[in-house]
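In what follows, a single structure is set out as structure tokens and then discussed.
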């Protein structure tokens, strides 16, 4: 019997697992091994990265890093919604393909929509131009504001052309109207009425973001209170008539494009959302009415893991805020639209933008965005053509159909790195949000210039890192391609568009009953309701006239320091533009001659570095396989006709080469600029005394040096 028992025990024993034969390593053991490979370089200096958010990115994370995090036990669809607001995430509800159609006329937007809807587009995402967002008719707006950023929408005819043959009853909308919502709402509702559409079926977002408009433009066409009145009126009307439509937008694009880091962007979003909750409550709406009507819109940058964590942190923090307002679980669910970053896109080596947008789109999807715009690769230049629209749109389809991203719910969930970063971003964003609250909320903070000041500091830090090439922009400040052929670009002729739109407006005013229109506008100024707006639109009122009527007898509109829009690559792109203009003027590119001394193994590393350094400023580099003598190098440098000569060799050989070669060049051509590749600290003064003008090296400010050289050599006219 004992023998049988022993056999049974042996037979039922589990086989050893693959890694049971290896003793587990501790973090301390790993770190000791890692430090050994660093050969004396401090671990913290080489392997820990400080981000613009002041987060220390670790090279490796452990279970201990997240052991105390309270949100780890949560599941998708349950508070605090860090993993998703939907139980099944994108599995049963894929993210909306919400590609922007940024064309300046309604006809062009409509044509693009009809072309793209059968090919994967699922949401009508229509950005509006600056004049429309500010509530100004195009014939009285500055020409540069007409068509800037999107559609010029001013008349009922514009709305008719926009919506022609589009089934808005089944096509989700995504329209941020800027500071005021009712004028755009009136135009679209009037078209729906004419065509027998049913607004009760409308879904998506048709809403305003007054604080975002204030931050972007520095002013509003009405007081904040009046803008909030319109937002409350539209939200109240929508509760009954368009129950599936979101009516309030919280967009962070303006902060992102001004250089904000993810913590600042998220903190501004939370503060803006709280401001809207309070304003709507003051106007009789409840948090359970308002919060589900809010659409958050985030720009997604290049830091993949931070961006994934930021969206997860955003849902968690917003749920906490709405719960503090006594909102129910439905109200606590944040709806997220994402767009890939405009800040990261470049005008040179533009096809790299496809790769940038791919990483950013993956971060948005893995972070749980419910709708997404993927940048057209030529976005930084102008309007997309059919090809760039198709590539961006197909990236959605590839991520869904070929990569199967829609089959995964919170794929990064449980990752030690992502969970730790989610917590760190949440803590820092909460602190930034509280700082804004201490200044009286988002509007007061903007008027005091606090977010602007913080974001300007981050932007300066970013541009400094880019100038030193610590932050790499492929094809711009590193690995530029001076032989590239830029794609055909379509940019807006604002003067021509302004003239054409003035004709449209004049015609619209000629065919209407002027007295009836004025009567309707007078009633609108008194009532400021959706019904009164709709009546004025039927009478022929334009968007600008509607906006003015809504602002009648208003208090002073706020004024703040606007947040300027930038792109990371713009400084180096300006250098390239200057060099290209010089090339067009003179017929030849500004040149740098490399005085490579000694065999290839001796000079190649610095010659390659110098080539990339000067190419980033649009300089052609004249290379060679090296010179055996100073006389030979000086003769070749002078014969090249280049205005800049860069000496490339080793620190050990420089004392014998640099003074003599510099003298040989400058004695015959005193205006030639001599640059040394490297920075031999102990001998800098000696080399300067010998005539060396600049030193280029890994720690050098590449942008500043190239700017100086362009001015010195007459490249910058």
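Some values worked out for this structure:
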| read-out | value |
| --- | --- |
| Checking residue 107 against (1) within 28 Å of the chain's Cα centre (by Cα); (2) in a loop (DSSP other than H, G, I, E, B); (3) surrounded by fewer than 20 Cβ atoms within 10 Å (Cβ to Cβ), the condition it does not meet | (2) |
| In region 509-530, residue farthest from residue 151 (Cα to Cα) [restricted to those that are surrounded by fewer than 19 Cβ atoms within 10 Å (Cβ to Cβ) and in contact with a helix residue (DSSP H, G or I) (Cβ under 7 Å, 6 or more places away or on another chain)] | 523 |
| Subset of region 675-693 that is assigned to a loop (DSSP other than H, G, I, E, B) and touching a strand residue (DSSP E or B) at 6+ places or on another chain (Cβ under 8 Å) - its residue that is surrounded by the fewest Cβ atoms within 10 Å (Cβ to Cβ) | 679 |
| Flag if residue 696 is modelled with pLDDT of 95 or more, on the phi < 0 side of the Ramachandran plot and buried (at least 17 other Cβ atoms within 10 Å of the Cβ) | yes |
| Region 349-387: number of residues that are over 17 Å from residue 314 (Cα atoms) and not in a helix (DSSP H, G or I) | 16 |
| Test: residue in region 170-177 that is farther than 21 Å from residue 231 by Cβ, out of contact with any strand residue (DSSP E or B) (no Cβ under 7 Å at 6 or more places or on another chain) and in contact (Cβ under 8 Å) with a residue 12 or more places away in the chain | yes |
| Hits in region 198-251 (condition: over 26 Å from residue 441 (Cβ atoms) and out of contact with any strand residue (DSSP E or B) (no Cβ under 9 Å at 6 or more places or on another chain)) | 198, 200, 201, 240, 241, 243 |
| Among (1) crowded, with 21+ Cβ neighbours inside 10 Å; (2) in a loop (DSSP other than H, G, I, E, B); (3) free of Cβ contacts under 8 Å to residues at least 40 places away in the same chain - the single one residue 84 does not satisfy | (3) |
| Residue match in region 58-65 (condition: buried (at least 16 other Cβ atoms within 10 Å of the Cβ) and in a loop (DSSP other than H, G, I, E, B)) | yes |
| Of all residues making up region 402-426, the number that are under 15 Å from residue 315 (Cβ atoms) and exposed (fewer than 15 other Cβ atoms within 10 Å of the Cβ) | 0 |
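Per-residue answers, yes or no, for (1) surrounded by fewer than 24 Cβ atoms within 10 Å (Cβ to Cβ); (2) in contact with a helix residue (DSSP H, G or I) (Cβ under 8 Å, 6 or more places away or on another chain); (3) closer than 29 Å to residue 166 by Cα; (4) at pLDDT below 95:
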| position | (1), (2), (3), (4) |
| --- | --- |
| 182 | no, yes, yes, no |
| 186 | no, yes, yes, no |
| 190 | yes, yes, yes, no |
| 199 | yes, yes, yes, yes |
| 207 | no, yes, yes, no |
| 211 | no, yes, no, no |
| 214 | no, yes, no, no |
| 217 | yes, yes, no, no |
| 227 | no, yes, no, no |
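The values are calculated or read from the model by the stated rules, or taken from the named source; none is laboratory data. Treat the numbers as computed from the prediction; the structure is a model and nothing was measured. When we count neighbours, we look across all protein chains shown, and the Cβ atoms used for this are built from the backbone with ideal geometry, even at glycine.
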